1. With θ taken as phi - 60° and the coefficients 6.51, -1.76 and 1.60, list the Karplus ³J(HN,Hα) couplings across the stretch 97-102 in order, rounded to whole Hz; mark glycine and proline as x.
2. Tabulate in residue order the Karplus-calculated ³J(HN,Hα) for the stretch 172-183, using 6.51 cos²θ - 1.76 cosθ + 1.60 with θ = phi - 60°, rounded to whole Hz; enter x for Gly and Pro.
3. Kirkwood Rh over Cα pairs of the stretch 85-181 into Stokes-Einstein at 37 °C, 0.692 mPa s: D in µm²/s?
4. Go through the stretch 145-155 residue by residue and turn each phi into a ³J(HN,Hα) via Karplus (6.51, -1.76, 1.60, θ = phi - 60°); whole Hz please, and just put x for glycine and proline.
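Bear in mind these aren't lab numbers, they're just calculated from the coordinates by the rules spelled out. Computed from a prediction, not measured in an experiment: that's the story for all the values here.
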Amino acid sequence: MTINYAVYINQSYITTGISAGQVQFMQRIETGDPDDGMTNIAPNGICFNSVDGTFWQNEGSSESTTWASIPVTPVGAVTSTALAVVAATASSGAATGNGQDVLVTTESLTTAAGSSYTLTLTNSSITAGSNLMVTVGLGSATTGIPHLLKVTPGSGSATIVVENIHASAALNGTLEIGVVTLD
């Protein structure tokens, strides 16, 4: 079986070479079922909605799509443990937040386009061999595009480098950096 991957964005999709007998997999960035008006979607094409975690399958033809929800059952036992989020505020590129789940609000940044900001997070839960899941997003900043460039765990700390990948705009406020220690 051949599986092709397509990304569905703003009422259109990007794909190549879908033909009879192939499965098309699309990722949606909107909630709900795919639009019934979408065409050229392979029969049995599967659409994953990354917003709400649902799967949909085209039970119609390429010319006339009919979408049906696909129930998904996790394999094995699934347990969930809520982590207490520790809030930390950075100053001069440094913050302290001890815990498995830390949300750092940076100081107000004016990082130029193409330049980077380095945060050193002191956290007793982090070791040199830690597996860290790090996210970055705009806090009060309304310009610039923060992009996670590098994460280096150390003994009791982690160094996180964020680059502003906007073509011309500097960051103009705070960022929020989430750090989860997975070990």
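1. Taking θ as phi minus 60°, the curve returns x, 9, x, 7, 10, 10 Hz for the stretch 97-102.
2. Once θ is set to phi - 60°, the couplings for the stretch 172-183 become 9, x, 7, 10, 10, 10, x, 10, 10, 8, 8, 9 Hz.
3. My calculation gives 252 µm²/s for D.
4. 10, x, 9, 5, 9, 7, 10, 10, x, x, 6
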